[in-house]
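A.B. asks: After the structure tokens below, expect a handful of questions from me.
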Amino acid sequence: MKKILALLAIGLLPFTAAAHGPSPQKVEKTVVIDASADKVWGLIKDFGNWQKWHPAIESTKLDKRKSDSGEEETVRLLNLKGGGTLLENLKSIDEDSKQMKYGIIEGVLPVADYYSTISVKAVDGGKSEVKWMGRFYRVYKLNPPIPPGQDDKSAVDAVTGVYDTGLANLKKVAEGK
């Protein structure tokens, strides 16, 4: 074994590493809002009305359905301005910690296995801090060549755009501007 490792170290044996699918991606954004945590949480926790503060959402339809495990879950169908939809499922809402977890089942974003947490906490001066974090993979799960628009950068850029525009408008709505 030592001889093989030595030969690998000096490059005498060919060694190629093969990728095994996509790497997990993460986007995390934070904004401080000049409004109470209760007020901001009131907007965010309303899973069926994010169109009140997210400018990309035209309308939302809430429903109940059986999950893959057979349990009833809350889902929402987001109709996006300019076309397209997202079907998402609510994982949990924690009123005490002002935290919501949800996932994307299917939709127009170039992501797979998307899981997100959005939380609100009070900060100095009666303000609130909103943290929105998502973990996901690119939509194309096989090894290269990767089709255009289905790569890691496209996935990260899409989620970043959703978070940046959403948080900027949430701030505007919560602050009453």
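A.B. asks: Assess whether residue 155 counts as being closer than 17 Å to residue 42 by Cα, in contact with a strand residue (DSSP E or B) (Cβ under 8 Å, 6 or more places away or on another chain), modelled with pLDDT of 95 or more and small (Gly, Ala, Ser).
C.D. replies: no
A.B. asks: If I ask for residues that are touching a Leu at 6+ places or on another chain (Cβ under 8 Å) and part of a strand (DSSP E or B), which ones from the range 125-158 would you list?
C.D. replies: Across the range 125-158, the qualifying residues are 130, 132.
A.B. asks: Right, next: Need a quick list: strands (runs of 3 or more DSSP E) entirely within the range 28-115 having at least 3 residues that are under 22 Å from residue 139 (Cβ atoms).
C.D. replies: Where strands (runs of 3 or more DSSP E) fall fully within the range 28-115 and carry at least 3 residues being under 22 Å from residue 139 (Cβ atoms), they are 72-80, 85-94, 99-107.
A.B. asks: Here's something else I'd like to know. For the range 67-121, how many residues are in contact (Cβ under 8 Å) with a residue 24 or more places away in the chain, of a type in the set (D, E, K, R) and within 26 Å of residue 153 (Cβ to Cβ)?
C.D. replies: 2
A.B. asks: Against the condition outside any strand (DSSP E or B), without any contact (Cβ under 8 Å) to a residue 12 or more places away in the chain and open to solvent by 50 Å² or more (accessible area, probe 1.4 Å), how does residue 164 come out, does it pass?
C.D. replies: In short, no.
A.B. asks: Only one of (1) in contact with a helix residue (DSSP H, G or I) (Cβ under 8 Å, 6 or more places away or on another chain); (2) buried (at least 16 other Cβ atoms within 10 Å of the Cβ) fails for residue 107. Which number is that?
C.D. replies: (1)
A.B. asks: Right, another one. For a quick check of your reading of the model, give me the residue pairs whose first member lies in the range 128-154 and is over 27 Å from residue 100 (Cβ atoms) and without any contact (Cβ under 8 Å) to a residue 12 or more places away in the chain, whose second is basic (Lys, Arg) and buried (at least 18 other Cβ atoms within 10 Å of the Cβ), with beta-carbon atoms closer than 8 Å and at least 6 apart or on different chains.
C.D. replies: 146/138
A.B. asks: Next question. Could you figure out which of (1) surrounded by 14 or more Cβ atoms within 10 Å (Cβ to Cβ); (2) touching a strand residue (DSSP E or B) at 6+ places or on another chain (Cβ under 9 Å) isn't true of residue 63?
C.D. replies: Residue 63 satisfies all of (1) surrounded by 14 or more Cβ atoms within 10 Å (Cβ to Cβ); (2) touching a strand residue (DSSP E or B) at 6+ places or on another chain (Cβ under 9 Å) except (1).
The values are calculated or read from the model by the stated rules, or taken from the named source; none is laboratory data. Not measured: the values here are computed from a predicted model. Don't worry about glycine lacking a Cβ; one is built from the backbone with ideal geometry, like all the others, and counts go over all protein chains shown. Quick note on the areas: whole protein, heavy atoms, side chains included, nothing else; ligands and nucleic acids left out. Shrake-Rupley method; radii C 1.70, N 1.55, O 1.52, S 1.80 Å.
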